[in-house]
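Please read the structure below before turning to the comments.
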Amino acid sequence: MPSLLTGRLLPAACLLALSAGASLAGHPDSSAGRASELAVTVSRAIACRAGSPQRTTLDRFLDAEKTRGASDDELAAARSAYITVSEAETVNQSVQPQGCTAEERTELKLRMARIRAGDFEER
């Protein structure tokens, strides 16, 4: 019976984690908001096998945010948002996998190429 209860509660916990990540993200024009968008893009690209990030992606993103004028507190919030959203996306994908269309995969491949090149601007 405990596994049945876990099976029922796990999806709810995943949704809660995702909504917590979204609330951490704040405004899309904030460093944390951009970090959340980056985490979703990277997680989705991995799930769709459309590319994977470099090990330094988060650090390079934070450097770019610092160049944009982000304070230390904003950088800390961005780091936290990226990690939280990334973990929530990973859990959600493992619990309820979502398929990828060919169009989405192509778009993600292009986006990941820009991210690997250090271009973190959404287009």
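Only the coordinates and a few stated rules stand behind these numbers; no lab work does. All figures in this text were calculated on a predicted structure; none of them were measured in a lab. With ideal geometry, Cβ positions are generated from the backbone for all residues, glycine too; neighbour counts draw on all protein chains shown.
Could you give the dipole magnitude of region 32-105 about its Cα centre, charging the beta-carbon of Lys and Arg +1 and that of Asp and Glu -1, in debye to the nearest 20? Numbers along the way, then the final one.
Numbers: 9 positive and 11 negative charges, 54 e Å.
Approximately 260 debye in magnitude.
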Report summary line: Under the 7 Å Cα-to-Cβ spin-label approximation, LYS109 and SER94 lie apart by a distance in nanometres of 2.8
Query - Charge dipole magnitude, Cβ of K and R +1, D and E -1 - region 62-112, Cα centre, debye nearest 20 - result: 180
Requested in this report: For region 31-123, build the charge dipole from Cβ charges (+1 Lys, Arg; -1 Asp, Glu) around the Cα centre, then report which of ALA78, ALA50, THR67 sits farthest towards its positive end.
Outcome: ALA50
Query raised in the report: Tell me, what ³J(HN,Hα) does each residue in region 85-102 have, in order and in whole Hz, if you take phi through Karplus 6.51 cos²θ - 1.76 cosθ + 1.60 with θ = phi - 60° and put x for Gly and Pro?
Result: 5, 4, 5, 5, 4, 5, 5, 4, 5, 6, 7, 9, x, 10, x, 10, 7, 4
